[in-house]
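The block underneath contains the structure these notes are about, expressed in structure tokens.
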Amino acid sequence: MENKIILITGGAGFIGSNFIKYINRHYADYKIINFDKLTYAGNLNNLVGLEDTPNYTFMKGDVAVAKDVKNVFEQYLPNFVVNFAAESHVDKSILDPTIFLETNIIGTQNMLNYAREHNVEKFIQISTDEVYGSVKIKNRCSENSHIMPNNPYAASKAAADHLVRVAYRMYNQNVNIIRSCNNFGPFQFPEKFVPIVINNAIQNKKIPIYGDGLHIRNWIYVEDACRAIDLVLHEAEAGEIFNIGTEIFHSNLDLVKIILSELEKSENLIEFVEDRKGHDRCYSTNYQKIRNMLNWRVETNFEIAMKETINWYKNHHDWLAEIQSGEYTKYNEQIEKRNLLET
Ligand SMILES: NC(=O)c1ccc[n+]([C@@H]2O[C@H](COP(=O)([O-])OP(=O)(O)OC[C@H]3O[C@@H](n4cnc5c(N)ncnc54)[C@H](O)[C@@H]3O)[C@@H](O)[C@H]2O)c1
């Protein structure tokens, strides 16, 4: 495989850091640029070990700030862009949508503008099944279904999808959009459902469940998602949108019970709390297109991957404790300083 420079935004977050490690494992010749603002959700500790790899560089920057984006493109002249950077927590978007609009919408437009100016070969936008809104499980949304987001996070991601599509229609930019279901796996920030449940259960703390707990989500192990992104990046035709999903659907309540049983903890830890405003009942997508066009398949067994994920959180107390104490920001600062001295 040819030497390529791949610019990954949001690479200090959950999926982005898993994807950087995936690319590093599979494409030894690629130069990886991790461009991340290091918000509360960005943690360079997710990439420990890579700092000393010559084909990996971290650059701090904000996708919503045009001059930061200009800098990273001018400095590194990437062939490929994968845009993970986002404010990603639905509850936060309900409290205050502003930063979601800045990062997820303006940020995506900035990335598209400079990708076009620098003739980037391929731009991948990481989107979500939430853009389709709530549907019955059997009414699977295809890539052509209506976009009907029901919370500010999903609306900002939907707006970004439209802008990416516009870049293809107006400028013939080589873009793809990937709409993924819920990912789980190591290095997920412990504000999200699976790590909260595991961590609270380990510490015998109450596990809050919204409403009646019967909201259904579709689950994918992060490694399967990374493989889908890889395929789209290297093989998909310009302008195509791909859903990625699995046959694993669980209500929140069922998923909590699975995790509690795996950890041999009592279901008495479950505590029902007031439902989230506009809480979507179910997301469900049809992902035949990526299966048929790119021959992508889920390779992970859900039960095994969930067991491994639970064990990972059990065995990474330090990672978690640092996040919970705010200590990881010190680590981020150390790496940033070192990077400034080096560049
Ligand atoms: N986690 C999921 O289940 C899931 C499902 C579907 C789609 N997605 C999408 O995948 C992407 C990654 O999700 P995640 O769960 O890894 O998120 P995350 O919150 O764990 O990570 C987001 C990363 O983006 C960085 N970031 C935030 N604002 C930025 C900005 N203005 N400029 C540069 N960097 C910024 C953060 O510092 C962090 O490192 C997002 O676009 C999200 O919408 C996630």
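Here are a few things to note about the model shown:
- DSSP-defined beta bridges in the chain - what % are antiparallel, rounded to 5: 10 percent
- Candidate cross-link partners of Lys257 among the aspartates and glutamates, defined by an alpha-carbon separation under 15 Å and a same-chain spacing of 8 or more, comprise Asp212, Glu267, Glu271, Glu303.
- Full-stretch length increase - Asp91, Glu271 - with 0.36 nm per residue and alpha-carbon distance subtracted: 63.0 nm
- Translational diffusion of the chain, µm² s⁻¹ [Kirkwood Rh, Cα pairs; Stokes-Einstein; 25 °C; 0.890 mPa s]: 120 µm²/s
- With N the number of residues in region 198-303, Rg(Cα) / (2.2 N^0.38 Å) evaluates to 1.32.
- Spatial offset of region 60-74 relative to region 189-244 amounts to 28 Å, using the alpha carbon center of each.
- For Phe272, residues with placed amide H under 5 Å, excluding near neighbours: Ile209
- Intensity falloff of region 246-333 expressed as log10 I(q)/I(0), Debye formula with alpha-carbon point scatterers, at q = 0.18, 0.21, 0.25 Å⁻¹: -1.10, -1.12, -1.19
- Taken over region 17-83, the alpha-carbon convex hull comes to 91 cubic angstrom per residue.
- Relative contact order [Cα under 8 Å, 6+ residues apart], the chain, whole percent: 18 percent
- Of every Cα-Cα pair in region 160-221, the percent that sits beyond 20 Å: 51 percent
The numbers here are math on the coordinates, done by the rules we state, and not lab data. As the structure is a computational prediction, the values presented were derived from the model and not from experiment.
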